[in-house]
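Encoded as structure tokens, the structure appears first; notes follow it.
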């Protein structure tokens, strides 16, 4: 099975304490560290496991600048066979549709049975997979937490839905799936693994190579744009109990009694 | 008047010269033994290299102390004494056994020089040696077969019980002793009957007893016993020789080599591959021990040498809390695999599976805290930590790392600490308002320099609770008049656990960064309050200024009068010093912290048996705090209970990880209010005059 | 006039809570907009929901088709693409169904897309300004989206104030005939229900709910002891289940259980919306967290900045001494 996994380089939420810059309209990016989006990492692991079972190859692709190459290498160190970097100044500022348009162009140049994305990334929109599927007219399933490959034409996928339940679907190939965390246990990639693939050639394609009209993507083509970052007004947050622990507990117990907690 | 006919001249049934047997048995025995040994050496030849020819004087000392003098044996008194008796007996009797083989070819043969007084003296001791060995075998057999000490038990998951083999071998040894004694006693009884000449025999030895028992036996019977005993001994001797390499009694042969080649340096970890420099590591195809042949030859020799005594597992804290690890079976499972893959006849089998799929489990290998209790105890110098690290290196290389460890490892890669905190906040502990009002800590770099570097390490830098250790260390250094500073954001995790968890390349990069920063700071000396950092900087890094633990500094400065300690602020309390593994066992620092504590007047301190080199691990530090093992209880809880039993109310430790684990354990053990845990620096700072 | 369509998710003949929240969201987009509820489904369940919606919305569109009996996003997308007018503004709940449906719908409608809005700040020209969160709720952002050619916008359930059940009598238009071909390449098979654990957290009036702040599996005992003292049950957030420290059936959140206790003790829980999405019925929320900036303090009634590992045993003792 030929599998393409779309990945993204994002600020590492686990390792960063996010702060706004002095103007208060963007993140303070000086001390951020970046890594591959956590959901994408599960998607790549899943792709590798499928290929280990039924054969084929895994290609990882990302839209980004030169620095994004780092996440492709990390995923290739995991076991992805190929990497493709889609980079062009014209891609900057793309909204979800812009990214999906760029990915679609690359997908149409190859022949993939299965396209995986992470269920969401740093922006938390969870949009690119569904858009990509609609653009390609492929079937789509989001929040996938189980994949059973038992034929060439169709696969079974489980989706994580409310209440911790799992919705099982049959889906025709080729299709697009967005992968939820917990579907597997991604393998570890150390510095050594990355160094091993350090010299592997990663093709880089720009708008021209992909045959994309530069005005349809990037800032120019974006209908949805981020204006600024801000820390919301705490407003009517919690009533903060203060004092010594004993005093706090005393106040809390009174409140709990009143609310039926005791 | 006749004399007894020796085996070299005896004719069985009147026509069969037994000398043929005397010739054939050694030829077959030695031939078979040579073949067996050749098969056994095969895996060692295919194993990875190991460098064990350094420090020859130390190795010779080890040979005398650990092998010949058996100094580790009496740590388990009864078993140890029994072993010493059997071992010493074997050494004495080896001369007699060799002589006996030749006696079968030439009646009355004596070794050159043994025909006079030396021979008489030797015979005297030899008889007692045989008697001692026999008695030791009987006691040992009762112990193994009837009393059955718990540490010999084989849990179901690890295979079948080993008692039968143990008893069988004790039986063979007893047979050797009895037949040798009968061979001699029958001749002496014969001589006494025929000539009335009563040879002196060591009183109460088994030869003496047999001689007395045979006093009325007919000459024919004595002749029969004499020859029969000889051949029983001969057969048993060569059988035993060839049987040794088949199981745990291989140690009789391998121990001398194993002890000679045992670890001589402490606290360090073997290189990924002997003979491959750190710069060339990238060229290695594979890392660590994945298959059997990835072990070094010394590690294979360890497997051959294990006597199955169970002391390692008896001391192992992971085993004690029910983690899926028992060091004894790390060895035994590997030995069984060698025996299976390298059979006595036929093809050598190359298993396609990884060891962690085949004989070990991933959890088993991650369960080790690298505390070193097993290695400290092994009477044969078998080592475990390097094997664990090599197995982990293999798992890391295959991507087999538990999710709970992946996050801290990634954070270490990106941020230089396992918590993923920002580098620039590494020295924020020194910015605490109250602390800053009275103390200032230099951050070494372009502007600031100092004589001494205080290496803080990650947990002490970032953990809210443990940052107090940093503050107190700073106060102590200040009070002692030490000109010190810290590296601030230039400091990275020391990597002690990164190395020991098998992430070699990450460790290398941490080491490079720290080494560069430390050398650039121009300090003359490094001090740390974290034994894990102490160990890494001292034993794993190269080319750094001397490293001291804060307890060494305190003791030194108290002796020199630069630090004065008051008398105990809480004289009603009973203090117990818990030896951190990386201070004690791995670095031999047992006395400095104790001396510092004892420098506080009126401080009541208790000691227990499980102290110093038998200290019991708190649960492990560094990355071990992130690993979630399957266990029945916590190591810390067992440790707290040991301290409580000794009547202690305060557990003083000298390691931030021990403190975390002990504080937790006191809560879990339900001893809050009764007991407390405190860091060494806290106690000292409280008592600064 | 802006035309806003609200897609109504429903189950077993009852609309999800978000159905009451769309009107407030629509009002914040454009106070003068007309809001039409769109319900797809089949048979009596559909009629029931459409009827309920007519009490809230003045206009209700229903699409009845056997293929819509179970909400398969691909089928629903086809139906909506067929019946919605050009330039429509479509509101969809940002839940597991909405995430399946909405991005593709925006492509098929060739309109703008904005995800997981938690607030709207009105329309300026063609630009609708909305508020959303990034990086797991660590930061908020303002986003503009060009609605001139319509838009699909998902809103976060619970983010907008619900309207009363209402008693209006809206008109129900049946557009089943316009839905067109509903054949799909994805077929629904079944829902595998989550395993029921030993404890039913949805039945308890008081929950002691633990998050990352519990730090270690062994510390769960501390929470259990507090729960015992309070006559409560221990529930948790997703990381605890991911770490396999507690069963899935104990997890509160959009990917876990929905609970409606009287008192919710959030212990060391940061308070992501996915987690709080599982806390319904407006309970009294007590939040204890080491981090004074934890988002949980925005939604809690009472906040305490303490380490739960120290705080819980003390609270337990105090309660036992009562």
**Q.** Projected-area average for the range C:3-178 over all orientations - Cα convex hull basis, square nanometres
**A.** 9.2
**Q.** Debye intensity ratio in log₁₀ form over the Cα atoms of the range C:159-225, taken at each q of 0.12 Å⁻¹
**A.** -0.84
Q) Among rounded, prolate and oblate, which fits the range C:171-270 when a ≥ b ≥ c are the square roots of the eigenvalues of its C-alpha gyration tensor, a/c under 1.5 means rounded, and a/b larger than b/c means prolate? A) prolate
Q) Over the Cα atoms of the protein assembly as shown, Rg to Rh with Kirkwood Rh, two decimal places? A) 1.07
Q) Between residue B:465 and residue A:247, what is the label-to-label distance in nm when each label sits 7 Å out along the Cα-to-Cβ direction? A) 2.5
Q. In Å, what is the Rg of the alpha-carbon atoms in the range A:2-221, and how long is Dmax?
A. 17.0, 56
Q | Length released on extending from residue C:228 to residue C:168, taking residue separation times 0.36 nm less the Cα-Cα span | A | 16.9 nm
Q: Report, in deg cm²/dmol and to the nearest 500, the calculated mean residue ellipticity at 222 nm for chain B, where each DSSP H run with n ≥ 4 adds -39500 (n - 2.57) and the sum is divided by the residue count.
A: -15500 deg cm²/dmol
Q.
Over all directions, the average projected area of the alpha-carbon convex hull for the range B:61-199 comes to how many nm²?
A. 11.6
**Q.** Cβ-derived FRET efficiency at R0 45 Å, residue B:168 paired with residue B:632, nearest 0.05
**A.** 0.85
Q. In peptide C:117-129, what is the residue-averaged number of other protein chain Cβ atoms found within 10 Å of each Cβ?
A. 1
Q: Place a label point 7 angstrom from the Cα of residue B:99 along the Cα-to-Cβ direction, then list the residues of the range B:195-210 whose backbone nitrogen is under 19 Å away.
A: B:198-210
Q | Cα long-axis angle, helix B:219-243 against chain B (0 to 90 degrees, to the nearest 10) | A | 30
Q: Would you mind ranking B:362, B:347 by Cβ crowding within 10 Å, fewest neighbours first?
A: B:347, B:362
Q: Calculate for chain A the 222 nm mean residue ellipticity that helices alone would give, adding -39,500 (n - 2.57) per DSSP H run of length 4 or more and normalising by residue count, nearest 500 deg cm²/dmol.
A: -9000 deg cm²/dmol
Q: Compute the FRET efficiency between residue B:138 and residue B:336 as 1/(1 + (r/R0)^6), taking r as their Cβ-Cβ distance and R0 = 22 Å, and round to the nearest 0.05.
A: 0.15
Q: With springs only between Cα atoms under 10 Å apart, run a GNM on chain A and tell me which of A:31, A:206, A:246 wobbles the most.
A: A:246
Q: Mind running the shape call on chain B? Use the C-alpha gyration tensor, a ≥ b ≥ c as the square roots of the eigenvalues: rounded below 1.5 for a/c, prolate if a/b tops b/c, oblate otherwise.
A: prolate
**Q.** residue B:284/residue A:200 FRET efficiency (R0 25 Å; Cβ-Cβ; nearest 0.05)
**A.** 0.85
**Q.** Shape call, the range B:391-517: gyration tensor on alpha carbons, a/c limit 1.5
**A.** prolate
Q: Compute the semi-axes of the equivalent ellipsoid of chain C, taking the square root of 5 times each eigenvalue of the Cα gyration tensor, and list them largest first in whole Å.
A: 39, 22, 17
Q. Given the options A:158, A:64, A:124, which has the most mean-square fluctuation in a GNM of chain A, springs set between C-alpha atoms less than 10 angstrom apart?
A. A:124
Q | Residues B:249, B:199, B:233, sorted so that the one with the fewest Cβ neighbours within 10 Å comes first | A | B:199, B:249, B:233
Q. Using a Gaussian network for chain A with springs between C-alpha atoms less than 10 Å apart, which of these wobbles most: A:62, A:117, A:224?
A. A:224
Q: Quote the relative contact order of chain B in percent (integer), defining contacts as alpha-carbon pairs under 8 Å separated by 6+ residues.
A: 12
Q | Added length on full extension, which subtracts the Cα-Cα distance from 0.36 nm per residue, residue B:291 to residue B:348 | A | 19.1 nm
**Q.** Under the Debye formula (equal points on every Cα, no solvent term), log10 I(q)/I(0) of the range B:18-256 at q = 0.09 Å⁻¹
**A.** -0.47
Q. So what is the relative contact order of the range B:530-661, in percent, for Cα pairs below 8 Å that sit 6 or more residues apart?
A. 32
**Q.** Residue order, fewest to most beta carbons within 10 Å, for B:76, B:534
**A.** B:76, B:534
Q.
At 7 Å along Cα-to-Cβ for each site, give me the label-to-label distance between residue B:431 and residue B:520 in nm.
A. 2.1
Q. So how tilted is helix C:220-230 from the main axis of chain C? Cα-based, degrees 0 to 90, rounded to 10.
A. 90
Q.
Please compute the length gained on full extension between residue B:68 and residue B:228, using 0.36 nm multiplied by the number of residues separating them and subtracting their Cα-Cα distance.
A. 54.2 nm
Q.
Sequence gap at least 6, Cα distance under 8 Å: using those rules, report the relative contact order of the range C:3-178 to the nearest whole percent.
A. 30
Q) Within the range B:455-495, what residues put their amide N at less than 18 Å from the label point 7 Å along the Cα-to-Cβ vector of residue C:291? A) B:462-465
Q. For the residue pair residue C:205 and residue B:564, what label-to-label distance in nm results when each label sits 7 Å from Cα along the Cα-to-beta-carbon direction?
A. 6.5
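Quick note: the coordinates plus some simple rules give every number you see, no bench work behind them. All values derive from a computational prediction rather than experimental measurement. Note: ideal-geometry Cβ built from the backbone for every residue, glycine included; neighbour counts use all protein chains shown.
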